[in-house]
Amino acid sequence: MIKEYKFNKERILLGIFFLLLMLFLSFNFLLEPEKFITNVFTRKEKFQILGIIGIFLFSASIFSLLKILSRKYAIQITDEFLIDNSKYESFGKIEWKNISKTQRIKKYSIEIFLTESVFKDRKINLLKKFLLFMYNWNYKKSIIISSAVLNCSIEELYKEINLAHQKNKKTIHNNRL
């Protein structure tokens with residue numbers, strides 16, 4: 001069994017446009033903070049710090065979305081593994097034996113908890129570490145799959161991931177007996 005989920009290219013392009021606007025605003029925070037000061041107690045340094053953080057975050061996010069535009073599939077679910085290519089910083093191929101549990105979080109996301117060996121075996125560059133940290137504060141124990149750029153509902157994806165995970169657990173348990 002192979003289930004494949006594609007990207008919603010319109011959402012990706014809309015996301016890039018929104019991030020470009022936010023990047024422009026971040027540059028304005030950095031270069032012209034006086035425009036945004038509303039009272040005596042607000043200092044321009046706060047806006048400049050927000051501008052610097054925004055420039056890093058939004059630039060990295062734009063790069064991330066541009067990288068996934070060329071990918072054919074966002075998620076692939078097979079009997080042996082899950083392939084997550086839904087973000088630039090995604091882990092790719094993950095065997096079911098390395099997934100300890102899955103749960104829904106918020107309205108449009110799934111959190112998948114992985115064994116420690118998965119994180120130790122991966123070599124992650126600085127940009128990917130930054131993006132993992134910014135979007136998942138529990139990034140050393142789990143990954144998050146969001147339906148924001150996918151062409152399916154989060155309920156459908158969660159159901160398929162759970163079915164495949166439960167099926168694999170039963171197969172492993174039966175093989176041990």
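The values are calculated or read from the model by the stated rules, or taken from the named source; none is laboratory data. Keep in mind that this is a model prediction, so the values were computed, not measured. Every residue, glycine as well, gets a Cβ built from its backbone with ideal geometry; the counts of neighbours run over all protein chains shown. SASA here: full protein model, heavy atoms, side chains in, ligands and nucleic acids out. Shrake-Rupley method; radii C 1.70, N 1.55, O 1.52, S 1.80 Å.
Annotations for the structure displayed:
- Within the range 115-130, the set of residues being under 15 Å from the mean Cα position of the chain (by Cα), open to solvent by less than 80 Å² (accessible area, probe 1.4 Å) and within 21 Å of residue 99 (Cα to Cα) comprises 124, 128.
- Single residue of the range 72-84 satisfying the filter (part of a loop (DSSP other than H, G, I, E, B) and modelled with pLDDT of 90 or more) that is most open to solvent (accessible area, probe 1.4 Å): 73
- Residue list for the range 47-71, restricted to those being in contact with a strand residue (DSSP E or B) (Cβ under 8 Å, 6 or more places away or on another chain) and either of a type in the set (Asp, Glu) or assigned to a helix (DSSP H, G or I) (or both): 68
- Candidate set: the range 138-156, residues that are free of Cβ contacts under 8 Å to residues at least 12 places away in the same chain and out of contact with any Ser or Thr (no Cβ under 8 Å at 6 or more places or on another chain); chosen: the one most open to solvent (accessible area, probe 1.4 Å): 155
- If you go through the range 19-46 and keep only what is open to solvent by 100 Å² or more (accessible area, probe 1.4 Å) and either of a type in the set (Val, Ile, Thr) or assigned to a loop (DSSP other than H, G, I, E, B) (or both), you end up with 38, 40, 41, 43.
- Filter pass, residue 120 being out of contact with any helix residue (DSSP H, G or I) (no Cβ under 7 Å at 6 or more places or on another chain) and basic (Lys, Arg): yes
- Taken together, the criteria place residue 49 among residues that are hydrophobic (A, V, I, L, M, F, W, C), open to solvent by 80 Å² or more (accessible area, probe 1.4 Å) and more than 30 Å from residue 151 (Cα to Cα).
- Residue check, residue 16 open to solvent by less than 70 Å² (accessible area, probe 1.4 Å), closer than 30 Å to residue 165 by Cβ and among the β-branched types (Val, Ile, Thr): no
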